[in-house]
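Just below is one structure, and these are the notes that go with it.
The values are calculated or read from the model by the stated rules, or taken from the named source; none is laboratory data. Keep in mind the model is a prediction, meaning the values are calculated, not measured. Cβ atoms come from the backbone with ideal geometry, glycine included; neighbour counts cover every protein chain shown. The protein model used for the area step is the full one, side chains on, heavy atoms only, and it has no ligands, DNA or RNA in it. Shrake-Rupley method; radii C 1.70, N 1.55, O 1.52, S 1.80 Å.
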Amino acid sequence: MRLREALHRGLAVLALLTCLGGAAWTAWTVWRGVTTGAVSGKHGAVHLRADGDVFYYSTLVLNAAASFIWLALAAFAVLVLARWRDWT
């Protein structure tokens with residue numbers, strides 16, 4: 001395996017791990033918000049479900065969407081790694 005190919009494959013693995021970490025972090029934020037009824041906002045502000053706070057719902061929706069996007073990027077990284085030999 002050439003050095004350049006090893007570097008590119010290493011970057012693809014790093015991208016996969018980054019995507020999985022991002023998906024886990026955003027999913028954890030959604031899970032914590034759903035189970036506790038509160039999410040931390042910017043600068044430590046706490047938004048509560050009981051108050052009907054629009055920022056509570058928008059935080060959950062945006063984090064759920066971000067989690068799916070991270071998972072889609074992770075799936076693409078897996079595809080790149082699976083088809084590596086065909087492309088090089």
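A few points about this structure:
- Taking the criterion of being touching a strand residue (DSSP E or B) at 6+ places or on another chain (Cβ under 6 Å) and without any contact (Cβ under 8 Å) to a residue 12 or more places away in the chain, the residues of region 41-65 that qualify are Val46, Leu48, Asp53.
To keep it simple, each residue is scored yes or no on (1) at pLDDT 85 or above; (2) more than 30 Å from Val13 (Cβ to Cβ); (3) of a type in the set (A, V, I, L, M).
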| residue | (1), (2), (3) |
| --- | --- |
| Thr36 | yes, yes, no |
| Gly41 | no, yes, no |
| Leu48 | no, yes, yes |
| Asp53 | no, yes, no |
| Tyr57 | yes, yes, no |
| Leu60 | yes, yes, yes |
| Asn63 | yes, no, no |
| Ala72 | yes, no, yes |
| Leu81 | no, no, yes |
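- For region 1-19, filtering for residues that are basic (Lys, Arg) and either on the phi > 0 side of the Ramachandran plot or surrounded by 14 or more Cβ atoms within 10 Å (Cβ to Cβ) (or both) leaves 1.
- For region 20-70, a residue qualifies if it is small (Gly, Ala, Ser), part of a strand (DSSP E or B) and open to solvent by less than 70 Å² (accessible area, probe 1.4 Å), and exactly one does: Ala38.
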